[in-house]
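Comments concern the structure below.
The values are calculated or read from the model by the stated rules, or taken from the named source; none is laboratory data. Quick caveat, the model's predicted, so the values are computed rather than measured. All Cβ positions, glycine included, derive from the backbone under ideal geometry; neighbour counts span all protein chains shown. Ligands, DNA and RNA are excluded from the accessible area calculation, which covers all protein heavy atoms including side chains. Shrake-Rupley method; radii C 1.70, N 1.55, O 1.52, S 1.80 Å.
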Amino acid sequence: GIGHARQHPVNGQARFYIMDKALRKVLQRNLLASLRRRELEDADRLLTTLREEDPLSVETRGLELEYLICRKRHDEAERLSEQLIRLFPRSPRIHYLAGRLAYVQRRYGDAETYFRESGRLHPQWFTRLFLGKTLTQKGDFEEAESILQELARDHVGARRDLSWLYERQGDYRRALREIEAVLATEPEDTFAQDQQRRLRSLCLEPADVVHELDALRELGETIEPNMLPQYVEGLLRTGKGDEARKVIHERASEMAPHIVTRVAWNCYRLQAYDLSFQLFVMAFPRQLGNLKMLSALETSARNCGQLDELVALYQQHARDEPRLYGRLRRLS
């Protein structure tokens, strides 16, 4: 049960303080709980103590990596992740955390590799869940569906990811059924409630969406933010582009970033390029590394005569994201 010894001078004499395995486990458990609860100041303090007492173990280094991921210090986390994969190639947890980091960075190919290796070393349901989520993001729907359906029998959270998979396939009714299954078990889940309302609107014809939400506006009701993407899409599909522009102008300043992005993609798919350009620009500072969005932003700029504005935007942010310099050369 002995970890390691440190020497402390007391009254001019040396005494050895031995940190046993039980104390180390307590520190690890408390740090992990703080990270799960996002109590990051407590986590910072506990990590400092754990580093002093047990700096080199795979457990401490893994918790350090998880801390950096929670802090969104992704560049540091990526460097540490690469180092830990070399130091601890047989650790399923290190591979799992490397996969989590790659996932949030949208490096889905790397994430898949890490999750598969973690699962090979030590199968865990949550590793399988993230593999299913990753395959969904990559568009490998058949394998993702197989994994998530299996997990959904015992883990209701997997149904949220199944719902997203079906939504990505355009099967809104199956997506809605999965969210309603979540609510049957967890009726107070506010996120699932929002998803249910949004998916119900997606199951309607565009004209029906516009009719329902126009009625709410006439009554002086505020349209829920999660409904704005469907409303704008419905207005565009029913030939009410001017009304769509009015709604975006009225609500743009209060839209959450994820809503801005969803509305932007709807406008882009429907070739309302002036609107997609405006909204992608709003989302741009948070999406510097999103290559798919950058391509859509450039297409929008070309089609609505905003290339000069886009070049100025790239020049402003190129120091934060050096890959923009290459895109600037192509635009020029």
Net charge around residue 184, counting only other residues with Cβ within less than 11 Å of its Cβ (Lys, Arg = +1; Asp, Glu = -1)? -2
Accessible area of segment 213-290 divided out per residue, in Å², using a probe of 1.4 angstrom: 50
With axes computed from alpha carbons, what is the tilt in degrees of helix 92-104 against the longest principal axis of the chain, rounded to the nearest 10 within 0 to 90? 30
Net charge near residue 322: determine it from the other residues with C-beta under 15 Å of the C-beta of residue 322, scoring Lys and Arg +1 and Asp and Glu -1. +2
Considering only 63, 115, 87, whose Cα is most displaced toward the positive end of the charge dipole of segment 48-123, charges sitting on Cβ of Lys, Arg (+1) and Asp, Glu (-1)? 115
Relative contact order (%) - criterion: Cα under 8 Å, at least six apart; region: the chain: 6
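With a 1.4 Å probe and all protein chains kept in place, how do 249, 317 rank by accessible area, largest first?
On the way: 249 150, 317 30 Å².
I get 249, 317, largest accessible area first.
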Tally Lys/Arg at +1 and Asp/Glu at -1 over every other residue whose Cβ is under 11 Å from the Cβ of residue 306; what's the total? -3
In nm, spacing of pseudo-spin labels at residue 208 and residue 106 (7 Å Cα→C-beta vector): 3.3
What whole number of Å gives the distance from the Cα centroid of segment 227-294 to the Cα centroid of segment 62-86? 34
If you take the charge dipole of the chain about its Cα centre, with +1 on Lys and Arg Cβ and -1 on Asp and Glu Cβ, which of 97, 249, 296 is farthest toward its positive end? 97
Just to check I understand the Karplus step: with θ = phi - 60° and J = 6.51 cos²θ - 1.76 cosθ + 1.60, what whole-Hz values come out for segment 204-219, glycine and proline as x? 8, 5, x, 5, 5, 4, 4, 4, 5, 7, 4, 4, 5, 5, 5, 7
Can you run phi through the Karplus equation (6.51, -1.76, 1.60; θ = phi - 60°) for segment 228-234 and list ³J(HN,Hα) in whole Hz, with x for Gly and Pro? 4, x, 5, 5, 4, 4, x
Taking θ = phi - 60°, what integer Hz values does the Karplus form 6.51 cos²θ - 1.76 cosθ + 1.60 yield along segment 297-310, in sequence order, with x for Gly and Pro? 4, 5, 4, 4, 4, 4, 7, 10, x, 10, 5, 4, 5, 5
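Using the Cα centre of segment 145-193 as the reference point, and only Cβ charges (+1 on K/R, -1 on D/E), how large is the resulting charge dipole? Debye, rounded to the nearest 20.
180
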About its Cα centre, the chain carries a charge dipole, from +1 on Lys and Arg Cβ atoms and -1 on Asp and Glu Cβ atoms, whose size in debye to the nearest 20 is 1280
With the dipole of segment 158-230 defined by +1 on each Lys or Arg Cβ and -1 on each Asp or Glu Cβ, the option from 206, 166, 195 whose Cα lies farthest towards the positive pole is 166
Using a simple charge model, +1 on the beta-carbon of Lys and Arg, -1 on the beta-carbon of Asp and Glu, nothing else, what dipole does segment 125-213 show about its Cα centre, in debye to the nearest 20? 100
